[in-house]
Amino acid sequence: VRTYKKNFNTKKCDTVVRMGEQTAASKDQQQIRSYYDLVTDFYEFGWGRSFHFCPQFAKESRQLAMQRHQLRLAEKLKLKPGMRVLDAGCGVGGPLLNIARHSGAHITGLNICEYQLAKARRYAAKARMQHQTDFVVGDFMNAPLSDASFDAIYTIEASVHAKSRLKCFQEMHRLLKPGGVFAGYEYVVTERYDENNPLHVSTMRKLEDYSAVQQTPTIQQHRETLQAAGFKILQLEDMLKPGMTFNSRLKSSWVASPIARALTKALTFTLEKLSVAPKGATKVSQLLNISADGYADAGELEIFSPCLLFVAYKETA
Ligand SMILES: C[S@@+](CC[C@H](N)C(=O)[O-])C[C@H]1O[C@@H](n2cnc3c(N)ncnc32)[C@H](O)[C@@H]1O
């Protein structure tokens, strides 16, 4: 609680709350950093150490589905011991540690949020994985890393925050060795999304604005951006297949129920008044509820998928 309170301040809180009033695609890096400074502990509490969605079969455990989703990337990148790999936008390193353990590769986690990186370093040390991991503070649109320094790169639901996806993918292209593969999961709007339907538009805005996400592309736009950055595409496939869901926890879990939300609000408010929780914690938890509703509704309307798998490579000269 002490570290969290130190990290949390009213200015950051106001910056983040203001995102809901801005036009889509106008969130800057400072806002995104502030957003993750504030929400990381809430995320860990609600989701664990992997901050991404996954497609889940009916009755399948979330843990198993998350594991499959992460390890699919290791398989697509053909990761092996001795390879140098970059995780762009690594969160607190949940997927990074799983993929490093599974593959034996060395993985560098790049992240703009120092608060998350401090945690990632701690978790890697606790898991005795320092020899296979390192962590770098930086922006994936302008990374403090050398040209062609990685055999493979992956990113999981992180380029969704890039003010310019093109810049982000160009940077990944620069960092990758010729012949290396870049893979990841991205957000996309599906064919059902209609930009002239006010409900579709407002649902996507709720999702994007309250989780610091930039405007969500179509699959075709995502393809064009990867190609414009210089990549050759090997696979572009929505892994959210008919009969699967990504939002079961948001819709039907106890945590998402009105009674649990009312209890959380009352508890956060009381802790904030008693100065146990930092000032603004109630506001932030309410903001997360709005974005959770946005994700849940977009899933119900089938206008959105967070599970677009892309696999692309950098040509040899
Ligand atoms: C949805 S989280 C996903 C984290 C991680 N990939 C996972 O699945 O657990 C997005 C991550 O991208 C990072 N991020 C956002 N913008 C970034 C930027 N410009 N440069 C580097 N990291 C960034 C955030 O700090 C956060 O860790």
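Each reported figure results from applying straightforward, stated rules to the coordinates on display, with no laboratory input. Remember, predicted model here, so these are calculated numbers, not experimental data. Note: ideal-geometry Cβ built from the backbone for every residue, glycine included; neighbour counts use all protein chains shown.
Tabulated data for the structure shown
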item	result
Length released on extending from LYS283 to LYS11, taking residue separation times 0.36 nm less the Cα-Cα span	96.7 nm
The stretch 191-249: GluC sites (Glu not before Pro) in DSSP coil with no more than 16 other Cβ atoms inside 10 Å	GLU191, GLU195
Quotient of C-alpha Rg and 2.2 N^0.38 Å, computed over the stretch 169-317	1.31
Amide H contacts of SER50 (H built 1.01 Å from N, under 5 Å, at least 5 apart or other chain)	none
For the stretch 30-107: rounded, prolate or oblate by the Cα gyration tensor [a/c cutoff 1.5]	oblate
Where a label projected 7 Å from the Cα of GLN215 along Cα→Cβ would reach, residues of the stretch 159-174 with amide N under 16 Å	160-167
Amide H contacts under 5 Å for LEU234, placed H, 5+ residues apart	VAL311, ALA312, TYR313
Sequence-separation-based contact order of the chain, relative, with Cα cut under 8 Å and 6+ spacing, percent	23
Residue-averaged [θ]222 nm for the chain, counting only DSSP H segments that reach four residues, each worth -39500 (n - 2.57)	-14500 deg cm²/dmol
GNM result for the chain, Cα springs below 10 Å: residue of PHE246, PHE45, PHE140 fluctuating most strongly	PHE45
Spread of Cα-to-Cα distances over 5 Å intervals beginning at zero, given as percent, for the stretch 53-146	3, 14, 24, 21, 21, 12, 4, 1, 0
Length-normalised contact order for the stretch 157-310 - Cα pairs under 8 Å, 6+ apart - percent	40
Sorted peptide list for 33-41, 60-68, criterion being average Cβ within 10 angstrom, highest first	33-41, 60-68
Simple spin-label estimate for ALA118 and ARG205 in nanometres, 7 Å along Cα-Cβ	3.7
Spin-label pair LYS80/LEU166, simplified geometry with 7 Å Cα→Cβ offset, distance in nm	3.7
Length gained when the stretch THR190-SER149 is fully extended (0.36 nm per residue, less Cα-Cα span)	11.3 nm
Debye, to nearest 20: dipole size of the chain, +1 on Lys, Arg Cβ, -1 on Asp, Glu Cβ	1200
Gap separating the Cα centres of the stretch 57-86 and the stretch 253-317, nearest whole Å	23
Built amide H within the under 5 Å cut-off of ASP134, gap 5+	ILE107, THR108, GLY109
39 Å tail of the calculated P(r), the chain, as % of Cα pairs	8
Residues of the stretch 167-203 with amide N under 11 Å of the 7 Å Cα→Cβ point at THR316	178-180
